[in-house]
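The values are calculated or read from the model by the stated rules, or taken from the named source; none is laboratory data. Computed from a prediction, not measured in an experiment: that's the story for all the values here. Note: ideal-geometry Cβ built from the backbone for every residue, glycine included; neighbour counts use all protein chains shown. Note: accessible area is taken over every heavy atom of the protein model, side chains too, but ligands, DNA and RNA are not part of it. Shrake-Rupley method; radii C 1.70, N 1.55, O 1.52, S 1.80 Å.
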Amino acid sequence: MFSKKGRYILMVATAIAALGCLLYLEYQLASFLVLMLALLIWSHFKQSSVLLASKHFKNGDYEATENALDEVPDPERLAKNRRGYYEFMRANIALHREEYDDAEYHFQLASRFPLGGKTDKVFVLIHLANLALRKKDKVRILAYLDIAKDMASTPKAKEIINKIEKEANSL
């Protein structure tokens with residue numbers, strides 16, 4: 001849960017410590033530190049700052065969330081479990097700014113990756129249905145709601161789905 005700068009500092013410190021161990025002929029400790037360095041580099045590309053961004057996102061700090069997400073060098077390289085959260089947070093930031101096309105794009109990407117559970121996936125589909133309702137696209141609204149209905153397990157989700165479905169049928 002480090003920022004990009006923090007990870008770089010930790011990588012440099014680990015590399016220096018490994019070199020120091022090699023100078024003092026501590027090969028086992030040096031090999032351990034090289035493995036730690038490899039783990040840090042792997043984590044930089046596969047995990048990145050998504051966990052830090054989710055901490056800011058849960059606190060409602062969208063600016064800090066966006067700054068942390070901007071540190072991700074290439075979202076395509078993120079691990080699947082992190083990519084879903086990345087896209088979900090990007091979509092909510094766009095929704096907060098009322099950039100509905102960007103929000104729809106990121107919600108569609110988030111729907112293709114695993115999220116926390118069925119409930120999270122249902123709410124992504126509900127957001128997509130809401131965005132389609134904004135565009136008055138009845139076919140897409142009903143398609144998203146059909147999938148969401150099958151996955152919905154909470155009463156709140158079912159209630160929201162019913163409300164959107166009523167609005168869609170009145171189009």
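For the reader, a short list of remarks on this structure follows.
- Taking a straight Cα-Cα cut-off under 25 Å and skipping sequence neighbours fewer than 8 places away in the same chain, the lysines within cross-link reach of Lys149 are Lys80, Lys118, Lys121, Lys135, Lys136, Lys138, Lys158, Lys163, Lys166.
- Solvent-accessible surface of the chain, taken per residue with a 1.4 Å probe and all protein chains present: 60 Å².
- Separation in nanometres of the label points that stand 7 Å from Cα toward Cβ, at Ala15 and Arg77: 1.5
- Residues of the stretch 85-105 with amide N under 19 Å of the 7 Å Cα→Cβ point at Val139: 105
- Accessible carbon and sulfur surface of the chain relative to its total accessible area, %, 1.4 Å: 58
- Listed residue (Asn67, Tyr24, Thr14) projecting farthest to the positive dipole end of the stretch 1-106, Cβ model: Tyr24
- Part-to-part distance (alpha-carbon centres) for the stretch 3-80 and the stretch 81-137, which is given in Å: 27
- Contact order relative to length of the chain, as percent, for alpha carbon pairs under 8 angstrom and 6 or more apart: 14
- Peptides 101-114, 66-79 ranked from most to least packed by the mean count of surrounding Cβ atoms within 10 Å: 101-114, 66-79.
- Taken one residue at a time, the phi angles of the stretch 85-100 give Karplus couplings (6.51, -1.76, 1.60, θ = phi - 60°) of 5, 4, 5, 4, 5, 4, 5, 5, 5, 5, 5, 4, 8, 6, 9, 5 Hz. Gly and Pro are set to x.
- Counting only Cβ charges, +1 for Lys and Arg and -1 for Asp and Glu, the dipole size of the stretch 3-65 around its Cα centre is about 180 debye.
- Distant-in-sequence amide contacts of Asp61, defined by a placed amide H-H separation under 5 Å and a gap of 5 or more residues or a different chain, comprise nothing.
- Extension gain, Ile41-Asp146: 0.36 nm per intervening residue step, less the Cα-Cα distance, totals 33.6 nm.
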